[in-house]
Every structure is written in C-alpha cells, then in structure tokens.
Amino acid sequence: MQISKLGRRIIFGSMALGAFFVLFAAWFITEATLSKTWPVTDGIITNTPIKGVIYRPGDPIHRTLLYNVELEYTYQIDGTEYRNSQISLGEGDTLEGPFNTRSEAWDWIKASEYQSGNSILIYVHPKNPQRAIIRAGINIGTIVPLILGLLMLSPVLLFKLNKQKPDADAFNQIHQQK
C-alpha cells in the first residue's frame, strides 16, 4: 500500500505533535510532583470572584451559562509582596465549579474555608517566587497532555504495526508448499 505525500505529511505531523505532547507531559508531571517539595508560606485570600462561563458557545441551542469560583491571594517572600490566582499546575485559576447558578457558587464559598481575609498555605516555586499554587501535586490537568499525546501517537503506531504484519495470503502459500 502506497501512502501519498500528503498522507506522509499528516502522519509525520501527528507523530511530531504527539511526541511534543508526551515530552511536555513528562516535564509537566515532573514539575507537578516536585511542587509538593516547594517551600510553603502563609498567604491571605484577597478575593473569591465568581466568573460566568459559557459552555458550548458554538451551539446556540445547548449553550449554557455556568459559574466558577476563582481565588486571588497575596503572600510575601523576603519582604516582597506577590499576588497570584493559580490554584495548581494544570487547573489554572478555577478553585471550584462549575455551578448552575451564581447563588450555588456563593453558597459554596460561604461554606468553604476560601473567604476573603482568611489565611491560606501557598506553595512557592523555589527559583521563581512569582510562581505559586495552593494545591501541589498531580491532578487531571497535569495528565491531559500525556493523554492527548498518546492519542495522537496511537493511530500512527497502529498503522505502522499493521503495515509490518506479514500478509496472511503469503503466509498460507508458504505453508501450503511444504
């Protein structure tokens, strides 16, 4: 079976992109694992904004407005104050959600420990104090690049493996001649 030039380019592009995602995932998972060893300091929650997010924006029939709770906090390292909103590596700024209504999100905030003025433990990157998180370690967001990379590589690998299998007719002909 002959593969066209376009087909070879698509296979190569998929392999390259898949390999990139797998390599990035290896770094990202390592960084998330190491975040558990980052120095910890006390911080103060300055705000817990509720942000509306439109899910399925391209689908006017099933478009939904949901609400996420985000978190903003400050902390000091060597006398310098820093502001941050990152929750963890892989989760971005969303602390909790989505909620169906703004009042559900507000009720969650009131029942949680994440209210403005409360203290919070902050994991601070040892070489860059501007990088900080409140949840250290691996989570689903740190694993997603690995899953994407493997998904992009799997059809290519299956195609390559399938191409290397011996032809069943040729196999049968060899054994019939004996």
**OP:** Write out, first by first residue and then by second, each pair whose Cβ atoms fall under 8 Å of each other, whose residues are 6+ apart or on separate chains, and whose first residue, in the stretch 27-39, is aromatic (Phe, Trp, Tyr) while the second is exposed (fewer than 14 other Cβ atoms within 10 Å of the Cβ) and part of a loop (DSSP other than H, G, I, E, B).
**Re:** 38/126
Subject >> Residue, nearest to residue 28 (Cα to Cα), within the stretch 79-112, restricted to residues that are modelled with pLDDT under 95 and among the acidic types (Asp, Glu) >> reply: 91
Original post:
Across the stretch 83-111, what is the number of residues that are free of Cβ contacts under 8 Å to residues at least 24 places away in the same chain and either under 10 Å from residue 73 (Cα atoms) or not in a helix (DSSP H, G or I) (or both)?
Top reply: 2
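For the stretch 67-82, what are the residues that are within 17 Å of residue 119 (Cα to Cα) and of a type in the set (A, V, I, L, M, F, W, C)?
Passing the criteria: 71, 77.
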Original post:
Inside the stretch 70-116, can you point out the residues that are surrounded by fewer than 17 Cβ atoms within 10 Å (Cβ to Cβ) and hydrophobic (A, V, I, L, M, F, W, C)?
Top reply: 77, 106, 111
Subject >> Positions within the stretch 65-82 being without any contact (Cβ under 8 Å) to a residue 40 or more places away in the chain and in a strand (DSSP E or B), in sequence order >> reply: 65, 66, 67, 68, 70, 72, 74, 76, 81
**OP:** For the stretch 112-127, enumerate the residues that are without any contact (Cβ under 8 Å) to a residue 12 or more places away in the chain and closer than 16 Å to residue 72 by Cα.
**Re:** 113
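Residue-wise test of (1) aromatic (Phe, Trp, Tyr); (2) surrounded by 13 or more Cβ atoms within 10 Å (Cβ to Cβ); (3) closer than 18 Å to residue 107 by Cα; (4) assigned by TED's automatic domain parsing to the domain that holds residue 115.
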position	(1), (2), (3), (4)
31	no, yes, no, no
34	no, yes, no, no
45	no, yes, yes, yes
49	no, yes, yes, yes
52	no, no, yes, yes
57	no, no, no, yes
61	no, no, no, yes
68	no, yes, yes, yes
Original post:
Can you tell me how many residues in the stretch 89-138 are more than 14 Å from residue 36 (Cα to Cα) and basic (Lys, Arg)?
Top reply: 3
Subject >> Matching residues, the stretch 1-54, being charged (D, E, K, R), part of a strand (DSSP E or B) and more than 30 Å from residue 79 (Cα to Cα) >> reply: 51
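The values are calculated or read from the model by the stated rules, or taken from the named source; none is laboratory data. These numbers were taken from a predicted model, which means no experiment stands behind them. Reconstructed Cβ throughout: ideal geometry from the backbone, glycine too, with neighbour counts over all protein chains shown.
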